[in-house]
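Structure first, commentary second.
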Amino acid sequence: MTAWVMRAGRHGEAEQWCLEEGVAGGGWGEVPDLSECSSRDEVRDVVTQSMPQSSAGTIANHAAQLWGLRQVEPGDLIILPRKITKTVAIGRCIRGYEHHSGSILPHTASVEWVRDDVPRAQFKGDLLFTLGGSMTIFRASRNSAEARLRAMMDGHPDPGSQKAAPVAASPSDAQTDDEVSDVAPENLGPTLETIRDRVRVHVSENFKGHRLTHLVAAILEVRGFVCDVSPEGADQGVDILAGSGPLGLDSPTLIVEVKSEETQVAAPVVRGLQGAMLQNRSDQGLLMAWGGITKDAQREIRTDRLTMRVWDAENLLDELFDVYPQLPEWVRREIPLQQAWVLADEVG
């Protein structure tokens, strides 16, 4: 059995369609049915005939990915890193390669999606970087990827690799797995996803426990709140008391509970925050749950959606990037970021 990563559009435009239709695959609308191809060379010949204006490197790249899709078999894992929700969908192939001319993605395999909302914060760095390749289709095999992904599909945390592998690997390392090792160099660059993944891993490793509370408080202070951070230890559901105005006594007042664990937070934590809001007569509540919240917790918080918000790792990164220049020096020293401007068509 094999684990395959398959994307659904440069901007995730086909993600929901893939989940609803139970498929995964790629576009390449100009390439006809490959069902009769039994080797990579045969796929390359069809791609060459279909894309006569393309370079040899581009032909090799597309042929490698389509040959990979042609090899997918029932039982294989299919991984869909989602751009829109910044989560990951995991399923198992139930029927191999098919071609549907005129479809959103003509070249597909049928998938039974088991999980469609695995937070990226639940993946350890090496596996996250493997999933961050810029290609549409590739095999994920490094660092026990298949076994780890199967465990996560079953609802378990990422068990990590059995081999000692450096977490801070180069994002381009994810580009050369097995069947796509001969892709053209023009497509071997870091993507926005891999850059964001590296920042996420850095924050996860360096802001465990109460340190994450101080980071959240620093962001809220840039947003205009005066924050009182509770001492480390038992806090009765209140990690940060925040308010507006020069003394932090004006409305809106805010209660913040911070959970730094990588697993999802369940409904009792939400109910605890609701109780803390009532006890402290707070106008608003914020649950910072690094690993996200369960579906039960989502339903629980929906009744208070006008007074409560949840930040997961992705929300925190959005806030961090948005206010980074205004953050205190200690934060910028411990999370050293540098902005670079590039043309939009040069990134994934």
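The values are calculated or read from the model by the stated rules, or taken from the named source; none is laboratory data. Computed from a predicted model, the values in this text were never measured in an experiment. All Cβ positions, even for glycine, are placed from backbone atoms using ideal geometry, and neighbour counts span all protein chains on display.
Summary table
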read-out: Qualifying position, being closer than 20 Å to Arg139 by Cα, out of contact with any Lys or Arg (no Cβ under 8 Å at 6 or more places or on another chain) and in the same structural domain as Val46 (by TED's automatic domain parsing), among Arg120, Arg115; value: Arg115
read-out: Within the range 233-281, considering residues that are free of Cβ contacts under 8 Å to residues at least 40 places away in the same chain and at positive phi, the one nearest to the chain's Cα centre (by Cα); value: Gly237
read-out: Cβ pairs under 6 Å, 6+ apart, first in the range 58-78 and over 22 Å from Thr48 (Cα atoms), second of a type outside the set (Val, Ile, Thr) and assigned to a helix (DSSP H, G or I); value: Leu77/Leu149
read-out: Of residues in the range 78-97 being of a type outside the set (Lys, Arg) and surrounded by fewer than 16 Cβ atoms within 10 Å (Cβ to Cβ), the one nearest to the chain's Cα centre (by Cα); value: Thr85
read-out: Enumeration of residues in the range 140-181 that are at pLDDT 90 or above, touching an Asp or Glu at 6+ places or on another chain (Cβ under 8 Å) and of a type in the set (Lys, Arg); value: Arg148
read-out: Top-ranked residue of the range 313-325 - restricted to ones that are charged (D, E, K, R) and surrounded by 15 or more Cβ atoms within 10 Å (Cβ to Cβ), ranked as nearest to Ala121 (Cα to Cα); value: Glu314
read-out: Extreme residue, nearest to the chain's Cα centre (by Cα), among residues of the range 120-154 that are outside any helix (DSSP H, G or I) and charged (D, E, K, R); value: Lys124
read-out: Complete set of residues in the range 22-57 that are free of Cβ contacts under 8 Å to residues at least 24 places away in the same chain, within 28 Å of Gly91 (Cβ to Cβ) and crowded, with 16+ Cβ neighbours inside 10 Å; value: Val46, Val47
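For (1) exposed (fewer than 15 other Cβ atoms within 10 Å of the Cβ); (2) out of contact with any helix residue (DSSP H, G or I) (no Cβ under 6 Å at 6 or more places or on another chain); (3) at pLDDT 90 or above, each residue gets a yes or a no:
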site: Gly245; (1), (2), (3): yes, yes, no
site: Arg281; (1), (2), (3): yes, yes, yes
site: Gly285; (1), (2), (3): no, no, yes
site: Lys295; (1), (2), (3): yes, yes, no
site: Ile301; (1), (2), (3): no, no, no
site: Trp311; (1), (2), (3): no, yes, yes
site: Pro336; (1), (2), (3): yes, yes, yes
site: Ala344; (1), (2), (3): yes, yes, no
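Table: residues versus (1) under 23 Å from the mean Cα position of the chain (by Cα); (2) within 21 Å of Gly224 (Cα to Cα); (3) assigned to a helix (DSSP H, G or I); (4) of a type in the set (Asp, Glu).
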{"site": "Ala297", "(1), (2), (3), (4)": "yes, no, yes, no"}
{"site": "Glu300", "(1), (2), (3), (4)": "no, no, yes, yes"}
{"site": "Asp322", "(1), (2), (3), (4)": "yes, yes, yes, yes"}
{"site": "Arg332", "(1), (2), (3), (4)": "no, yes, yes, no"}
{"site": "Ala340", "(1), (2), (3), (4)": "yes, no, no, no"}
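Residue-by-condition table, conditions (1) within 25 Å of Arg302 (Cβ to Cβ); (2) surrounded by 21 or more Cβ atoms within 10 Å (Cβ to Cβ):
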site: Arg223; (1), (2): yes, no
site: Val226; (1), (2): no, no
site: Gly233; (1), (2): no, no
site: Asp250; (1), (2): no, no
site: Leu254; (1), (2): yes, yes
site: Glu261; (1), (2): yes, no
site: Ala276; (1), (2): yes, no
